[in-house]
Ligand code: NAD
Ligand code: TDX
């Protein structure tokens, strides 16, 4: 099988490439990635000789037409992915997440290529802390940020291409991922690397916001399950029952790293900060037989801390600039 992986030099995409080559060594992998601030060929170290890497933009229609025409399936991970950045400047989010998806859909339509769209639970907005409900495939769309609105728009494009043009496509909406090779702008790697550097972890607002954590390898095994067995036109929610509030995550990181669990700062809250995400993944489990391999968030976090300790050369080059950018807008409040 020839597979085109967009965003394969980013966090989830690079882990997808590693997992694919480890578990399906005969797969012919092409990565298309623009190597933005969030992408790095270092994330493909060890497999670079086994893939074709193309540096390029998913919104480049000529390039995309050519690469999609050479593939049996496209898995579309490439995106601008960070909510805080989308609040500072939404424009690349519109270009990459909407125009880029449009270019891929058109190419997949022209070449009748199977397409899988990687999306987020953030398209559903947020839930109250005491709401017994979780997101399902039937939850109405209600995105809060420019990032989640651009992902919601891209989902709608995919659905329209399925219905209007008969595109062979599936969608997945996953909850918050953690694991190796995640950029240090994101919550968990930011705090782990802060602790390594002797900087106090930074908690937004009251820190009671809940995220539903899933290990990146479980997300990617679910994507493969959908590629193998998913029904065209269907959406599958991916989640591993990992609800934890941000304060507890920070306290767990501090404790696992041998620090005082209260040694963190409250900083300026994120504008429009979603309160809680929670995924009901019964459809994926019952219909397609998927189950996550990581049963304990704490064990996954221990492995992730070890990875950042052992791979300082991967994150060190971007750490200082990432913190300097946060310092422009975030102040310690208590
Ligand atoms: P990331 O920011 O780590 O990686 C994005 C990758 O896309 C980078 O390698 C970047 O260089 C590349 N890219 C950006 N713009 C591009 C363009 N115009 N053309 C080609 N390549 C481009 O993101 P991630 O966390 O790995 O997320 C991957 C996908 O998964 C995204 O679609 C995101 O919405 C989705 N998702 C992420 C999470 C999460 O917790 N991180 C959860 C659910 C869904
Ligand atoms: O320093 C921080 N302190 C803090 O309290 C940072 C960076 C974040 N936070 C909070 C904000 C969120 O409640 O932690 C939570 C997680 O933040 P992010 O890592 O920025 O993730 P989130 O905004 O939840 O979005 C993530 O999951 C869904 C990914 O970045 C998205 O790409 C994905 O779609």
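Values quoted throughout were computed directly from the atomic coordinates according to the rules given, and no laboratory measurement underlies them. Given the structure is predicted, the values throughout are model-derived calculations rather than measurements.
If you take the Cα Rg of region 291-334 and divide it by 2.2 N^0.38 Å, with N the number of residues, what do you get?
Compared with the compact-globule rule of thumb, region 291-334 sits at 1.64.
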Margin query: Largest first, please: the extent of the C-alpha atoms of region 195-293 along each principal axis, to the nearest Å.
Written below: 47, 31, 18
Note to self: Between region 53-121 and region 234-283, what is the separation of their alpha carbon centroids in Å?
What the structure shows: 28
Next item on the list: Evaluate the Kirkwood expression for the hydrodynamic radius of region 250-334, namely the inverse of the mean inverse distance over all pairs of different C-alpha atoms, and round to one decimal in Å.
Entry: 16.7
Notebook entry, point to check: With Rg and the Kirkwood Rh both taken from Cα atoms, where does Rg over Rh land for region 134-187?
Noted result: 1.04
Notebook entry, point to check: Gain in length, residue 273 to residue 128, computed as 0.36 nm per residue apart minus the alpha-carbon separation, to one decimal in nm?
Noted result: 51.0 nm
Check: Once fully extended, how much extra length lies between residue 310 and residue 70, figured as 0.36 nm per residue of separation less the alpha-carbon to alpha-carbon distance?
Finding: 82.7 nm
Next item on the list: Mind pulling the angle between the C-alpha long axis of helix 246-256 and the longest principal axis of the chain? Nearest 10 degrees, somewhere in 0 to 90.
Entry: 70
Next item on the list: Averaging over all projection directions, find the projected area of the Cα convex hull of region 26-112 and quote it in nm² with one decimal place.
Entry: 6.1
Next item on the list: For the chain, restrict the atom set to alpha-carbon positions and state the Rg and Dmax in Å.
Entry: 19.0, 57
Check: Taking the inverse of the average 1/r across all pairs of different Cα atoms in region 137-267, what Kirkwood radius in Å do you get?
Finding: 16.9
Notebook entry, point to check: Relative to the present Cα-Cα distance, how much length would full extension add between residue 54 and residue 321 at 0.36 nm per residue of separation?
Noted result: 93.5 nm
Next item on the list: Enter the angle in degrees (range 0 to 90, nearest 10) between the Cα long axis of helix 146-165 and the first principal axis of the Cα atoms of the chain, meaning the one along which they spread out most.
Entry: 20
Next item on the list: Kindly express, to the nearest 10 degrees and within the range 0 to 90, the angle between helix 101-111's C-alpha long axis and the longest C-alpha principal axis of the chain.
Entry: 30
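Beyond 11 Å, what share of the Cα-Cα pairs of region 23-67 is found? Please give it as a whole percent. Provide the component values of the computation, followed by the final result.
Details: 700 of 990 pairs.
Value for region 23-67 (Cα pairs over 11 Å): 71 percent.
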Check: Seen from all sides and averaged, what is the projected area of the convex hull of the Cα atoms in region 35-192, in nm²?
Finding: 10.8
